[in-house]
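Just below is one structure, and these are the notes that go with it.
The values are calculated or read from the model by the stated rules, or taken from the named source; none is laboratory data. Model, not experiment: these values are computed from the prediction. We place every Cβ from the backbone using ideal geometry, glycine too, and count neighbours over all the protein chains shown. We work out accessible area using only protein heavy atoms, side chains counted, and drop any ligands, DNA or RNA first. Shrake-Rupley method; radii C 1.70, N 1.55, O 1.52, S 1.80 Å.
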Amino acid sequence: MSKPSILVARAIFPETIARLAQHFEVTANQPDELWDRATLIDKLRGKAGVFTTGGERIDAELLAACPDLRICANMAVGYNNFDLAAMTAAGVLGTNTPDVLTETTADFGFALLLATARRLTESEHFLRAGQWNKWAFDMFAGAEVNGSTLGILGMGRIGQGIARRGAHGFGMNVIYHNRSRLDAATEADCKARYVDKATLLREADHLVLVLPYSPASHHAIGTAELAQMKPTATLVNVARGGIVDDAALAQALRERRIAAAGLDVFEGEPRVHPDLLTVPNVVLTPHIASATVRTRRAMADLAADNLINFLTQGQPKTPLNPEALGGARR
Ligand code: 8YV
């Protein structure tokens with residue numbers, strides 16, 4: 001029997017390609033070319049599966065043009081690049097990579113919180129620019145982290161990981177807001193108290209965003225929300241671009257309406273709003289919260305497992321829309 005054909009849309013570990021090639025005819029993109037949509041659709045013709053990395057938009061138009069496609073395996077926990085309803089309607093399975101990146105991403109969220117509060121980027125730029133010629137009592141005095149109030153918007157697995165780090169490691173008072181309240185045991189484990197969004201914005205000394213992006217969370221933090229925060233507060237986004245109105249944030253930072261921000265994700269990335277590049281009180285990183293070698297390997301392995309298990313045995317490991325299997329394309 002001939003092997004099914006799959007597309008790996010972006011460069012990935014050579015070992016992952018080799019493993020996939022044991023089961024599939026693989027079209028890879030190891031030069032890591034950035035394909036436009038027409039090219040992606042063209043490359044997908046005749047493919048039963050695609051390995052995506054979060055940037056490839058899978059929607060009704062693409063699915064209609066690729067009738068052989070049966071599974072889209074995202075190497076990311078977030079899947080806002082998938083129109084899941086359209087995929088389900090077309091009988092196409094989507095999978096993501098939950099759990100394997102939780103602690104690594106929580107580590108990074110906390111790193112960004114610390115860097116933002118303690119002004120790491122700003123002070124390093126100052127030093128590198130040769131501007132440090134004397135010590136001063138108020139030089140780069142930042143916001144206290146230990147014992148302060150940590151606010152978390154979006155209390156899924158990563159949010160809980162950040163809460164535990166704050167509560168248990170830094171003695172922080174943790175408050176959170178989420179679509180649904182956690183069970184009592186999880187709240188106790190995270191030492192976290194559920195509050196409404198207005199209270200979260202008003203009381204947090206450090207606000208971390210860890211909610212999924214959807215039309216409902218678009219600009220969840222904009223001018224009105226920033227105005228409710230303390231002028232001494234910091235804001236960290238390790239979730240998705242588009243949750244924060246970047247233009248409004250840059251203005252709030254410039255006017256010191258909040259103290260500082262740490263951003264790993266941006267609206268329209270890899271483009272970064274030019275105003276964010278010119279304000280000093282922001283720490284900027286290029287969407288690397290899950291980027292440790294071990295975790296990226298685990299994510300690639302899980303995405304590959306999903307393709308292999310589904311296309312060879314019909315048993316994906318981490319399906320997003322198992323209901324699609326009823327009407328799955330064969
Ligand atoms: C991915 C992420 O590396 O998993 C996610 O949702 O944001 C990151 O861990 C990124 O999405 C790859 O594009």
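Remarks
- If both residues of a DSSP beta bridge must be in the chain, then about 5% of such bridges are antiparallel.
- About its Cα centre, the dipole of the chain is roughly 340 debye, where the only charges are +1 on Lys and Arg Cβ and -1 on Asp and Glu Cβ.
- Taking a ≥ b ≥ c as the square roots of the eigenvalues of the Cα gyration tensor, the range 190-272 is oblate, since a/c reaches 1.5 or more and a/b is not larger than b/c.
- Of the accessible area of the chain, computed with a 1.4 Å probe over protein heavy atoms only, carbon and sulfur atoms account for 54 percent.
- Between the range 35-98 and the range 254-310, the C-alpha centres lie 22 angstrom from each other.
- Charge dipole (the chain, unit charges on Cβ, about Cα centre) - positive-most of Leu277, Ala298, His206: Ala298
- Cα gyration tensor, the range 45-198 - rounded (a/c under 1.5), prolate or oblate: oblate
- Most fluctuating residue given options Arg202, Arg157, Arg271, as computed from a GNM of the chain linking Cα atoms under 10 Å: Arg271
- Inter-part distance where the range 162-224 and the range 1-34 are each reduced to a Cα centre, Å: 39
- Simple Cβ-charge dipole of the range 102-284, Lys/Arg +1 and Asp/Glu -1, about Cα centre, in debye nearest 20: 200
- The residues of the chain have, on average, 46 Å² of accessible surface per residue, using a 1.4 Å probe with all protein chains present.
- Thr39 versus Gln228: modelled label distance in nm, points set 7 Å from Cα along the beta carbon direction: 4.4
- Projecting the Cα positions of Ala220, Val265, Ala129 onto the charge dipole of the range 102-284 (unit charges on Cβ atoms of Lys, Arg, Asp and Glu, taken about the Cα centre) puts Ala129 furthest along the positive direction.
- Candidates Ile243, Pro322, Ala233 compared by Cα position along the dipole of the chain: farthest toward the positive end lies Pro322, with charges placed on Cβ.
- Cα gyration tensor, the range 1-58 - rounded (a/c under 1.5), prolate or oblate: oblate
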